[in-house]
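Take a look at the structure below.
Values in this text are rule-based calculations from the coordinates and carry no lab data. Just so we're clear, the structure is a prediction, and the values are computed from it rather than from any experiment. A quick note on method: Cβ atoms are made from the backbone with ideal geometry, for glycine too, and the neighbour counts reach across all protein chains shown.
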Amino acid sequence: MTAEYTATRTSLRTAMVMLLFALAFTALMASMYGVTRPAIEASAQAARMNLVGDVLPASAYDNALLDDTLHLGPTPEIGLPDGGVVYRARQHGRPAALVFEAGSNEGYSGRIDLIVAVLADGKASGVRVVQHKETPGLGDYIDPRKDKNRSRPWITGFNGLSYAEVGANGWRVRKDGGQFDYHTGATISARAVTNAVARVLAFEAAHRQRLYAAPSGSPL
């Protein structure tokens, strides 16, 4: 038995051991994923429902809201260049509200992600900022958790308003001639959110019938 033959056998044995180890590791990971996947999905679903609950009370609908969705393709009109999801709330089978993912790139420090609920009559039920990088202590008042006005956070100023009721000129911060307040030194943050909410309400008004009528789970 030559040294070359011995070396070849050793290499083959090592390769087989590594292959078996890789297969065993892959099988173990697949098994663990199968066990943990339901818990991960349940946690993600709970997080989504918590967000929805911030903008739309559970009493406003009686359907399985997370199962009644539409998938928007690229929709830059509401700040979703890569698309997003619309959740549809219904009460006794009738349209109750639409919950939109939305966003704005007009923030002082970059993108602001939002969730906006719009009732079937076109009025905003609630707005929440999901993610932002605005300056702490200044622009972060757009997040009610950081707004010092606990009794009436700034973000609640959109509740009960429709795009038509306020009008295009009114959907601006006061500094720009509109009707919405802002904090001195942090106009850009308020402007970005106000503009984003206006765009969502205008989009809902223009596509309301189609949004409610499309088959659940379908792209739009």
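Taking a sphere under 15 Å around the Cβ of E204 and counting the other residues whose Cβ falls inside, with K and R at +1 and D and E at -1, yields a net charge of +1.
Peptides 138-150, 111-123 ordered by packing proxy, namely the average of other Cβ atoms within 10 Å per residue, highest first: 111-123, 138-150. Once you sort the root eigenvalues of the Cα gyration tensor of the stretch 78-220 as a ≥ b ≥ c, which label holds: rounded (a/c under 1.5), prolate (a/b larger than b/c) or oblate (the other case)? Prolate. Counted by neighbouring Cβ atoms within 10 Å, the residues H183, H71 run from fewest to most as H71, H183. Using the alpha-carbon centroid of each, what span in Å lies between the stretch 74-135 and the stretch 190-219? Between the Cα centre of the stretch 74-135 and that of the stretch 190-219, the gap is 7 Å.
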